[in-house]
Amino acid sequence: MSGGGARAVAFLRHHRPALVGTVLVALVLLTAAGGPAVIPHAPGDVFERFAEPGGSHPLGTDSQGYDLLARMVYGARTTLVIAVASMTLSLVLGTLVGAVAGFAGGVADMLLMRGVDVAMSFPSFLLAMVTVAVLGPRLENVIVAVGLVGAPVFARQVRAEVLRVVSEEYVVAARSLGLPATRVLFTHVLPNSLGPVIVLGTLGTGSAILSVAGLNFLGLGGDPYRVPEWGLILTQGWNKRPDANLQVAVAGLAIFVTVLGFNLLGDGLKDELDPRTRRR
Amino acid sequence: MFAYVLRRLGLSVVLLAVVVLATFLLHHALPGDPAAAVLGKQYTQAAAFEMRERLGLNDPLPWQFLHYVEAVVAGDLGRSHVSNQLVTRELARVLPATLELSVAALLVASFVGVGLGVFTATRPRTWWDVAGLTAALAGVSLPIFWLGFLALQGVGEGGLLAHATGLRGLPLGGRFSPAEYSLGPWLESHEGATGFLLWDTLFVARDPQVFLHVAKHLLLPTLVLSTVPMSVIARITRASVGEALLQDYVRTARAKGLPARTVVLRHALRNAAIPVVTSIGTQLGYLLGGAVLTETIFQWPGMGTYVVQAILNLDVKPLQACVLVVAVGFVFVNLIVDVSYAALDPRIRAGGGGA
């Protein structure tokens, strides 16, 4: 593992954008983990409405009298948890479909990948909107919709990787030893196919944050005050502009910086893991 | 080439069939009883039963599907139960608004995106390159509704620029400001108006003043909507032109003494065109879906705001129709992209691969 650590340090030293991305993501994680212990108020405490920034309310209060800083800091938690949950759903579902398609081949492959083609022949944001419409406008359903819509990209990538790995000698060897197909798939093929999935997962977390925020902005996330989530906080501010202009600005900036962090990191990882673009 | 186009056409037909089936199933997947939605306050069990009978909801599913296909083919997309208007009529109102915005945004995105990509690719590893790539990455990381908000705060009416300079600032939303002109009567008073306002004001009404008014409304939404596709196109152009510039034929062209301009435009860009054209095509699909957020911020009376209302009201027919229209548009755009691939790439034209 220390070899991996050394490689990571060398990678970040050479790849400035990835370093910036790592710092941004680390800052957001740190805020989500430690922030609530540092700030003076809880997100549910009620104060004077629309208090000016300053004093014990560095960012002021919102239209309900909640402290904006508290909501933003707790919002880092919910926003990240929601994005990671969506992305994980995409990852697990997409990896399963892609791995089975690539490993089984034949009719199963054909059917699964045509399904993926069809799913990808709809604009993904519209597909997510319609999925929420079918499931009902609630935050949970937004998570599911964004997760489902993100899965096909993973499926395609994993299938391509599996097809590459299946013809490697160690897999041929494992098969000729007579190991069961599921064991070959899970212990030999999949672990060696996951490099690009890490890249997609990093980039996917960023785009999940954007999609969730977008769906929430359209009012598809249900009750906007149920949890502090950045997209919902932005939307509340937007609905109370111009009094809550600062709220919109701050929430949007937080989303932008976090997504930018994941994208910088993901792009860097792609360069590092892709032998074609590596060290050129 | 012909065989390739034919095969590609076959795939599109299959996709269209799946799209029609999917929109049909959507009707049944949506929560709530459509009959109750139509009846609203006049709901009684007997009336609901009768309404279900009238709407054909008691028929077997395959039978309902056949009726649905028949109606769609005949151009009958049903009525909205909220406005009680024909959906086709409402689409005729909202679709031009979205298309005008999307096409304008795609034009801006393509020209600036390809330009930026070529500009950075020809200056690899300079500050220009780094700045361009960083801007493009920032562009795909922006929540577009936040960008719209910032744009309005900056250059909109009553925004920062207006305060600083005393200028009026750009309109805050809509395609037409009702205070000055009213869109519906204006369109009706002009025979042959298409709903594409730039065209209508310039070529139908021939009124440069109204044209300017309309263009001012279009400017900010277009710029905001174009950011994401512009960034994607710039990144792909940068990558593929950058790769092409490292190839032997570029070295040969340079060694022949061709001017740098010719080398870049005729040799590098042309060989890099396929991924660029693909990205432009897929971005048009993105725009048709992604215009939703932009339209919401700028109160643009297009399909985006229409579909959001349909979802929030569980208004089945408009929702079905919008999904149908966007998906069909998407299928056709992809078809055109793949065919223009073939025109650009002799390997596919020859009928060989084309996977």
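Below is a table of values for the structure above.
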{"item": "Förster radius 25 Å - calculated FRET efficiency between A:ALA119 and B:ALA17 (Cβ-Cβ, nearest 0.05)", "result": "0.95"}
{"item": "In nm, spacing of pseudo-spin labels at A:ALA108 and A:TYR170 (7 Å Cα→C-beta vector)", "result": "2.3"}
{"item": "Sites A:ALA6 and B:LEU265 - FRET efficiency at Förster radius 41 Å, r taken between beta-carbons, to 0.05", "result": "0.35"}
{"item": "Estimated buried accessible area (total), pair B and A, 1.4 Å, Å² to nearest 100", "result": "3300"}
{"item": "Cβ-derived FRET efficiency at R0 41 Å, B:ALA215 paired with B:LYS41, nearest 0.05", "result": "0.35"}
{"item": "Dipole-positive endmost among B:THR294, B:GLY257, B:GLY281 within region B:241-307 (Cβ charges, Cα centre)", "result": "B:GLY257"}
{"item": "Amide H contacts of A:TYR66 (H built 1.01 Å from N, under 5 Å, at least 5 apart or other chain)", "result": "A:PHE47"}
{"item": "Environment charge at B:LEU269 (Cβ cut-off 14 Å; Lys +1, Arg +1, Asp -1, Glu -1)", "result": "+3"}
{"item": "Local electrostatic count at A:ASP67 - Lys and Arg +1, Asp and Glu -1, tallied over other residues with Cβ under 12 Å", "result": "-1"}
{"item": "Within the accessible area of chain B (1.4 Å probe), percent carbon and sulfur", "result": "66"}
{"item": "Difference of contour (0.36 nm per residue) and Cα-Cα distance, A:VAL81 to A:VAL46", "result": "10.1 nm"}
{"item": "Gyration tensor (alpha-carbon) shape descriptor, region B:132-268, a/c threshold 1.5", "result": "prolate"}
{"item": "Residue-level accessible surface for A:SER167, protein heavy atoms, 1.4 Å, Å²", "result": "90"}
{"item": "Accessible area of region A:20-88 belonging to carbon and sulfur atoms, whole % at 1.4 Å probe", "result": "68"}
{"item": "List B:GLU70, A:GLU140, ordered by accessible area with a 1.4 Å probe, largest first", "result": "B:GLU70, A:GLU140"}
{"item": "Region A:233-258 and region B:207-285: distance between their alpha carbon centers, rounded to Å", "result": "33"}
{"item": "Residues losing 20 Å² or more accessible surface upon assembly, region B:138-158, compared with the chain by itself, 1.4 Å", "result": "B:ALA138, B:VAL140, B:SER141, B:LEU142, B:PRO143, B:PHE145, B:TRP146, B:PHE149, B:GLN153"}
{"item": "Accessible area (Å², per residue) of region B:122-266, counting only protein heavy atoms and a probe of 1.4 Å", "result": "54"}
{"item": "Heavy-atom accessible surface of region A:153-265: percent carbon and sulfur, 1.4 Å", "result": "61"}
{"item": "Solvent-accessible area per residue for chain A (1.4 angstrom probe, square angstrom)", "result": "45"}
{"item": "Formal net charge of residues neighbouring A:LEU246 (Cβ-Cβ distance under 12 Å; K, R +1; D, E -1)", "result": "-1"}
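The values are calculated or read from the model by the stated rules, or taken from the named source; none is laboratory data. The structure presented is a predicted model; accordingly, all values stated were derived computationally and were not measured. As a convention, Cβ positions derive from the backbone with ideal geometry for all residues, glycine included, and neighbour counts pool all protein chains shown. Heavy atoms of the whole protein, side chains included, go into the accessibility calculation; ligands, DNA and RNA do not. Shrake-Rupley method; radii C 1.70, N 1.55, O 1.52, S 1.80 Å.
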